[in-house]
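A.B. asks: Here you go, one structure.
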Amino acid sequence: MAVCVGMWMLLLLALHVQGGSGQSVQMDSSKSGFVGSQVELRCIFSNSNPPVKISQVTWQKLLNGTKQNVAIANPALGVSVLQPFKERVIFKQAAVRHRTPSLEDTTIVFSNLQLSDEAAYICEYTTFPAGNRENMVNLTVYARPMTRMTLTTPTIVARSQRRKMTVATCVSANGKPPSVIKWDTRLKGEATFQETRNQNGTVTVRSNYVVIPGRETHKQKLTCIVTYRNEQIKDSVVLNVQYEPEVKIEGFDGNWYLNRQNVQLTCRADANPPVTIYQWKLLNGSIPSNVEIKNNTLFFKGPVTYDLAGSYECRATNGIGTRTGIVDVNITEFPNHPTPGPEIPEQQSNPAAAIGGAVGGVALLGVAAILLFVFLRRRQRTFKGDYSTKKHVFGNGYSKAGGLPAHPPMPKNLQYPDDSDDEKKPAQIGVTGGFEGGERDFDHEAEDLKRPYFTVDEGESRDYDERTLAFQYDPEPEIADDMISQTDGSVISKKEWYV
């Protein structure tokens, strides 16, 4: 009977230890910190009601399946921190270290974090009669990298071979996690990258910037941008590139003519370091005696002559090397183009051209409109007849249309004397004595000649002698009422005239 009671007590104790009583250990799932910094690992015991007795609290480091004690808190034995954590780990609550400690909060503080501290940490509570309760936190340790940027050499020398070379190096050393390096520059170069994993788990990233040094790379800014997590670190340098002179001769404008005054040639050289020596030479002869040399300029004294023609060479030398420039000078008898005047700025000439074009277009349209108006007006005035009466025009040869009449048809019965060698002259028919002036009123006829025309009615009212004209004409054909005679002998319809 006593054996059965004991077995029931053990069974109840086992069920109580395995849970269901409400005790728990509260911890963060993960924590992180940088090398050299401080971090707290929280551990709080949630007791039950009635509370259980806490016999001991143990902190352990779990790494690769192996546990290592870090710190122990015992109500009877006190607090103990083991090596190698003795100098860097303490219990945060002072009550843990009292003679009668309170062990519900056993949070520890890590100081001066090291990369080797990265691991999982277990906080284990030993209680009675509930047994053991524990929880775990993962600690991550970051290493901020050391970033630096350096020039390959303080002074970069550009050689004539124009070979690629490393001009700058950017390094992000001992970072965890590794950094990302980028370059910001106007240079047309390329970058190389290399990562090295160190034994302590950090990574060193190295990037070299490669370019062909030359005149165009001198004084160019080169910036290294290192991105570490959410941070950016920038470092910049300005390249100092030494190069040979770049030589150009100025002054010859292609218009050196006889007797021109004040001409000169100047040797321009872009170099680093600056040019120290300029040398002039005439390739197809010797420099004329009237030429004065001052540093990098040739001054030609007096008027221009044919003796100045030739190929002039300038040699410029600095500490890196020597380069030359050549110009061919030719002399003409007369100026081959006028001296250019002041240039009109583009922003001023363009609006002027636009305004001129607009004015010209308007003028052209106006002239076209005037010509069209004159043409139509003249068409309207071509016919000047009177459509209200039936009148035929006779008189001094002018019709109402305003034009000259057609030449009358030649008489059919003109006679020429057969026995005359003189110029053939027409003779009048039916008249022996020609015109009889005594029977004609020439004064009255002179008044008629001044009139532009007279009508048929007027002609019929006048007494004309049959001898007025000796020529005989065919009878004039009758013209319909709606037809009008034209100056060229044709007729047109009044209806068609206004269609």
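The values are calculated or read from the model by the stated rules, or taken from the named source; none is laboratory data. Here the structure is a predicted model, which means the values were calculated and not measured. Glycine also receives a Cβ, built like all others from the backbone with ideal geometry; neighbour counts cover every protein chain displayed. When the accessible area is computed, the model is the full protein with side chains, heavy atoms only, and any ligands, DNA or RNA have been set aside. Shrake-Rupley method; radii C 1.70, N 1.55, O 1.52, S 1.80 Å.
A.B. asks: Sticking with the crude label model, points 7 Å out along Cα→Cβ, report the distance from Ala363 to Gln26 in nm, one decimal please.
C.D. replies: 9.7 nm
A.B. asks: Can you tell me the FRET efficiency between Ile370 and Asn262 if r is taken as the Cβ-Cβ distance and R0 is 56 Å, rounded to the nearest 0.05?
C.D. replies: On the way: r = 55 Å, r/R0 = 0.99.
Computed FRET efficiency for Ile370 and Asn262: 0.50.
A.B. asks: How long are the three semi-axes of the equivalent ellipsoid of the range 246-326, in whole Å, if each is the root of 5 times an eigenvalue of the C-alpha gyration tensor, listed from largest down?
C.D. replies: On the way: eigenvalues 122, 27, 23 Å².
Ellipsoid half-lengths, sorted descending, are 25, 12, 11 Å.
A.B. asks: From the backbone phi of the range 136-153, what are the Karplus-calculated ³J(HN,Hα) couplings (6.51 cos²θ - 1.76 cosθ + 1.60, θ = phi - 60°) in whole Hz, Gly and Pro given as x?
C.D. replies: Whole-Hz 3J(HN,Hα) from phi for the range 136-153: 9, 10, 9, 9, 10, 10, 9, 10, 6, x, 9, 10, 8, 10, 9, 7, 4, 9.
A.B. asks: For a quick size check, give me the Cα extents of the range 115-229 along its three principal axes, largest first, whole Å.
C.D. replies: 88, 23, 19
A.B. asks: Got a sec? What order do His98, His218 fall in by accessible area at 1.4 Å, biggest, i.e. largest, first? Kindly include the intermediate steps, with their values, before the conclusion.
C.D. replies: Numbers: His98 110, His218 35 Å².
Sorted by accessible area, descending: His98, His218.
A.B. asks: Next question. Arg133: accessible area at probe 1.4 Å, nearest 10 Å²?
C.D. replies: Spelled out: Arg133, probe radius 1.4 Å, area about 30 Å².
A.B. asks: Enter the accessible area of Lys294 (Å², nearest 10), with the probe set to 1.4 Å and all protein chains included.
C.D. replies: Rounded to the nearest 10, that gives 110 Å².
A.B. asks: Heavy atoms only, probe 1.4 angstrom, no DNA, RNA or ligands counted: give me Leu139, Leu151 ranked by accessible area, highest first. Numbers along the way, then the final one.
C.D. replies: Values: Leu139 5, Leu151 55 Å².
Result, largest first: Leu151, Leu139.
A.B. asks: What do you reckon, how do Ile233, Ile90, Ile54 stack up by accessible area (1.4 Å probe), largest on top? Mind showing how you got there, number by number?
C.D. replies: Details: Ile233 60, Ile90 100, Ile54 20 Å².
The most accessible residue leads, giving Ile90, Ile233, Ile54.
A.B. asks: Suppose the chain between Phe252 and Ser37 were pulled fully straight at 0.36 nm per residue; how much longer would it get relative to their current alpha carbon spacing?
C.D. replies: Net length gain for the segment: 70.1 nm.
A.B. asks: Plugging the Kirkwood radius over Cα pairs into Stokes-Einstein for the range 167-311, at a temperature of 37 °C and a viscosity of 0.692 mPa s, what D comes out in µm²/s? Display every interim value, and only then the final one.
C.D. replies: Details: Rh = 20.0 Å.
Answer, rounded: 164 µm²/s.
A.B. asks: Which pairs break 18 Å Cα to Cα here: Lys31/Lys92; Lys31/Lys86; Lys67/Lys92; Lys31/Lys234; Lys31/Lys176; Lys53/Lys86?
C.D. replies: Working: Lys31/Lys92 16 Å; Lys31/Lys86 21 Å; Lys67/Lys92 22 Å; Lys31/Lys234 29 Å; Lys31/Lys176 16 Å; Lys53/Lys86 27 Å.
With Cα atoms farther than 18 Å apart: Lys31/Lys86; Lys67/Lys92; Lys31/Lys234; Lys53/Lys86.
A.B. asks: With a sphere of radius 12 Å drawn around the Cβ of Phe193, what net charge do the other residues whose Cβ falls strictly inside it have (Lys, Arg +1; Asp, Glu -1)?
C.D. replies: Surrounding charge for Phe193 is 0.
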